[in-house]
Amino acid sequence: MLISPAFAQASGGITGEGGLVTLLPIVLMFVLLYFIMIRPQVKRQKEHRTMVDGLQKGDEVVTSGGLVGKITELGETYVSLEVAANTEISVQKAAVQTLLPKGTIKSIK
């Protein structure tokens with residue numbers, strides 16, 4: 001035979017000598033994935049939620065589509081933005097991406 005009987009009978013398996021050592025790289029990959037991808041994303045979502053909950057009338061914001069405007073009305077799920085003189089649009093609160101410092105709109109025009 002090509003395989004010796006002693007080598008064929010030594011199975012080891014998951015509880016054998018090297019069983020837990022072979023699972024260690026997989027566990028380390030999941031831990032690394034958590035700290036590199038999942039944890040920072042959860043942190044960004046929490047910061048965005050806090051920013052959106054703190055929006056007030058008169059704040060200057062940038063939407064996810066790139067529109068810059070001043071908040072004129074706040075609803076439960078929608079925000080009205082003044083993007084030009086006498087021009088208002090409604091966007092979802094979640095679409096507000098960045099809160100700008102006061103006076104930013106005047107400085108960009």
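The values are calculated or read from the model by the stated rules, or taken from the named source; none is laboratory data. Quantities reported herein were computed from a predicted structural model and do not represent experimental measurements. Counting neighbours? That spans all protein chains shown, and the Cβs are built from the backbone with ideal geometry, glycine included.
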What number goes with the only condition from (1) part of a loop (DSSP other than H, G, I, E, B); (2) aliphatic (A, V, I, L, M); (3) modelled with pLDDT of 90 or more that LEU99 does not pass? (1)
Select, from VAL21, VAL83, the only residue that is without any contact (Cβ under 8 Å) to a residue 60 or more places away in the chain and not in a strand (DSSP E or B). VAL21
How many residues are within 17 Å of the chain's Cα centre (by Cα), in a loop (DSSP other than H, G, I, E, B) and surrounded by 14 or more Cβ atoms within 10 Å (Cβ to Cβ) if we restrict to the stretch 40-71? 0
So, in the stretch 73-92, exactly how many residues are exposed (fewer than 13 other Cβ atoms within 10 Å of the Cβ) and closer than 19 Å to LYS106 by Cα? 4
